[in-house]
1. Quick one: if the Förster radius is 25 Å, what FRET efficiency do ARG50 and ARG82 give, using the C-beta to C-beta distance and rounding to 0.05?
2. Mind checking which of SER65, PRO49, ILE37 is farthest towards the positive end of the range 1-130's charge dipole, using Cβ charges of +1 (Lys, Arg) and -1 (Asp, Glu) about the Cα centre?
3. Stokes-Einstein at 20 °C, 1.002 mPa s, Kirkwood radius from Cα pairs: D for the range 342-398 in µm² s⁻¹?
4. Within the accessible area of the chain, what % is carbon and sulfur when the probe is 1.4 Å and the other protein chains stay in place?
5. Give me the mean projected area, in nm² to one decimal, of the convex hull enclosing the Cα positions of the range 328-425.
6. Of the options LEU389, GLN269, LEU199, report the single residue whose Cα projects farthest towards the positive end of the charge dipole of the chain (beta-carbon charges: Lys, Arg +1; Asp, Glu -1).
7. Where nothing but the Cβ of Lys and Arg (+1) and of Asp and Glu (-1) is charged, how large is the charge dipole of the range 1-148 around its Cα centre, in debye to the nearest 20?
8. Roughly speaking, what is the stretch gain from ARG117 to ALA132, that is 0.36 nm per residue apart minus the C-alpha to C-alpha distance, in nm to one decimal?
Amino acid sequence: MRASGPGVVEISRRVAGNLPAPRTATLACFRDDAGRIIDQGLVLHFPGPRSYTGEDVLELHGHGSPVALQLVLRACLAAGARIAEPGEFTRRAFEHGKLDLAQAESVADLIDACTERAARSAARALGGMFSAEVRKLAAELLELRALIEATLDFPEEEAGVLREHDVQARVASLRQALARVHSKARQGSVLRAGLHVVLAGRPNVGKSSLLNRLAGEERAIVTEIAGTTRDALREAIQIGGVPLHVTDTAGLHESGDALERIGMNRAWQEIERADAVVLMADARDGVSDAEREIWRKLPHSITTITVLNKVDLTDRAPHRSSCEFGPSVSVSAKTGAGIELLQQELLRTAGWQNAGEDVYTASERHLRALQATGAHLARVAESFDQLELVAEELRLAHDALAQITGEVSSDELLGEIFSRFCIGK
Ligand code: GDP
């Protein structure tokens, strides 16, 4: 049980009998509001600002059975606490400056991570690696802004001052640095969201065999904790640490009862936002009318990777080529031949370049902000003859960057971000 805010001293006195010394695990009996013992455990008090939220924080470590926990919870509520909203602890940590917004968001990413690699990249963002690089860009931008503003105020020195500081070259190098951060963040966002793949093909081409083969030893970490198992339609697979969400179209037949139709609607929604379709055919027949018919039912813009399976039954070796739907890979789900080619093709489709260890988790929101910054800087580069315009574009670029770390944020945005968290985080 964790509580945060000015009331925790009172809660500790009433539920645990006393307030323990700061940051010292102390054994206590927990009592309800009638003074009856309900559990025994450790009490920890973190006086603000040296706590997760920056406020006074109290932790009660009990035996954790649902009933005992309910009783302790009820005792805390009677002593003046209320149930936290989703992400409220982390939101308060953000509001008290313990974390910036990008770091706070990575807490949820760390909790949701379903591969080790995704968890490590979220941990890097939580540690402030992404924020530090964004701040470095922002500091450089601020310096440039100051320079331009000063030049606007003292126009007679304009040409000299700007030349001296080589503003154009600095904007160019800033754009390069931004592109590097964007590329790492983009990789991180692939890790965070995973790859959404739809598996399609007529019966017996080997869809289940391929799924099993892809899952192989690369099973993602799946837990039963609410919120981590997202959808029964997806298999938990990973390719080199990138989570892979596979939607099988086998269940997408016509008719079905109401419940089944709800499931099918969900599957179609998944397909709409999938990164790629894996359309399977038999390597002995190649692409036929049956595949063309399936392909016609799929969303138009989606990338299709054709898999010619059962290549072991032909006299050809597995290889990558192309067909009428786009790239194609011949494989054998049975022997595993060519599977690596397919995995590479899938990762390439999602924009994953086998980046080193220094990628960090980023969200769509962060990517949009980085893109906006880049767009404003591009306009700066084009408008050097109009300093007012340069000043304005630099300001907009700076604002876009500041949104990442939360120096510029709205209540609405914060609400949206923190509602994604579970209660108690
Ligand atoms: P699904 O109906 O598309 O899911 O197909 P299955 O995965 O159930 O496979 C249908 C049949 O084809 C099974 O008997 C598999 O053992 C066989 N099969 C699947 N992949 C291969 C392959 O690569 N080579 C060979 N020789 N047989 C395969």
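1. 0.60
2. The listed residue farthest towards the positive side: ILE37.
3. Once the numbers are plugged in, D ends up at 155 µm²/s.
4. In the chain, the share of accessible area belonging to carbon and sulfur is 52 percent.
5. 11.7
6. LEU199
7. I would put it at about 300 debye.
8. Stretched out fully, the ARG117 to ALA132 stretch lengthens by 3.3 nm.
The values are calculated or read from the model by the stated rules, or taken from the named source; none is laboratory data. A quick note: this is a predicted structure, and the numbers were derived from the prediction, not measured. As a convention, Cβ positions derive from the backbone with ideal geometry for all residues, glycine included, and neighbour counts pool all protein chains shown. Ligands, DNA and RNA are excluded from the accessible area calculation, which covers all protein heavy atoms including side chains. Shrake-Rupley method; radii C 1.70, N 1.55, O 1.52, S 1.80 Å.
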